[in-house]
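What follows is a single structure, written as structure tokens, with notes after it.
The values are calculated or read from the model by the stated rules, or taken from the named source; none is laboratory data. Quick caveat, the model's predicted, so the values are computed rather than measured. Please note: Cβ atoms are built from the backbone with ideal geometry, for glycine as well, and neighbour counts cover all protein chains shown. These area figures cover heavy atoms from the full protein model, side chains too; ligands, DNA and RNA do not enter into them. Shrake-Rupley method; radii C 1.70, N 1.55, O 1.52, S 1.80 Å.
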Amino acid sequence: MITKRLVPLVLAATLSLPALADEAAVRKSLESKLGRPLTSLTRTPYLGLYEAYADGQIFYTDDKVSVIIAGALIDGKSMKNITDERLQKLTAIKFSELPLTLAVKQVRGDGKRVFATFEDPNCGYCKKLAKDLAKLDNVTIYTFLYPILSPDSLDKSNRIWCAADKAKAWNDWMVDGKAPGGKGDCDTTAVKKTIEIGRKLAINGTPTIFFTDGERVPGAVPVARIEEKLAQTASR
């Protein structure tokens, strides 16, 4: 998956920081240091740390904001990755609110199992995913063209969107390497809107998959994992 992540794991603050007495002060100080607003700030049951969520990432800090930690928090008793579990909840969406008319639609078999992806046509991991998804049956796949890697990504996305058969043009390129023909000179508002939606959803890498229960799964996950998730959502 192509993604932009915060590189330093720990940003140390000066030791002379005054004590911060309340959550509002922690939020204000953390937002100032990160240079971005926080979506949420909650106290964790671990070492008195706060969990801060912003732009699709989780950070941890103490009540003095003397350290800012960007990394996985593991429960020492259960060995569960608390950060991953929290990210699944915090990054979940309402699937019904996705504007599916802006996506390339593929229906196979009875089409009962549904999910959506955000993909860049020049993303290598997306091409791997496309080849894996070709093995799935009885699915409806909504592919949002999300060209974030290069100007050429936008050009290819526009050409695919303008094709008479969008799904075929997408698979011809992603699976078979056949570049989309024709021109991207039709109404490509859908591609522009998808870029805006992706940014609002803090989608920083492709591919990103959304299932009907709202769960977000980044990366080219194995098709077996997708099958498992589709079975779970179908049983609800």
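Rounded to the nearest 10 degrees, the angle from helix 189-200 to the longest Cα principal axis of the chain is 20 degrees. Taking each of K105/K168; K156/K192; K94/K192; K166/K193; K28/K94 in turn, the alpha-carbon distance tops 19 angstrom for K94/K192; K28/K94. Using the charge dipole of the chain (Lys, Arg: +1 at Cβ; Asp, Glu: -1 at Cβ; taken about the Cα centre), state which of G76, Q106, P147 has its Cα farthest towards the positive end. The listed residue farthest towards the positive side: Q106.
When a 1.4 Å probe is rolled over the protein heavy atoms, the share of accessible surface on the chain that falls to carbon and sulfur comes to 54 percent.
Size descriptor for region 51-180, Kirkwood hydrodynamic radius: 17.3 Å (Cα pairs only, one decimal). Compared with the dominant Cα axis of the chain, that is its longest principal axis, helix 124-133 is turned about 60°. Each Lys and Arg contributes +1 and each Asp and Glu -1, all at the Cβ; summed about the Cα centre of the chain, the dipole is approximately 200 debye. Put the Cα centre of region 171-208 next to the Cα centre of region 36-66 and the gap is 34 Å.
Give the label of the value calculated from the structure for percent of Cα pairs over 32 Å apart, choosing from (i) 31; (ii) 54; (iii) 13. Read-out taken from this structure: (i).
Evaluate the Debye formula for region 106-236 with equal point scatterers sitting on the alpha carbons, no solvent, and hand back log10 of I(q)/I(0) at q = 0.13 Å⁻¹, in q order, two decimals. Log10 of I(q)/I(0), two decimals: -0.51.
Here the relative contact order of the chain, from alpha carbon pairs under 8 Å that lie six or more residues apart, stands at 20 percent.
The calculated P(r) of region 189-232, using every Cα pair and 10 Å bins from 0, goes 24, 48, 25, 3 in percent.
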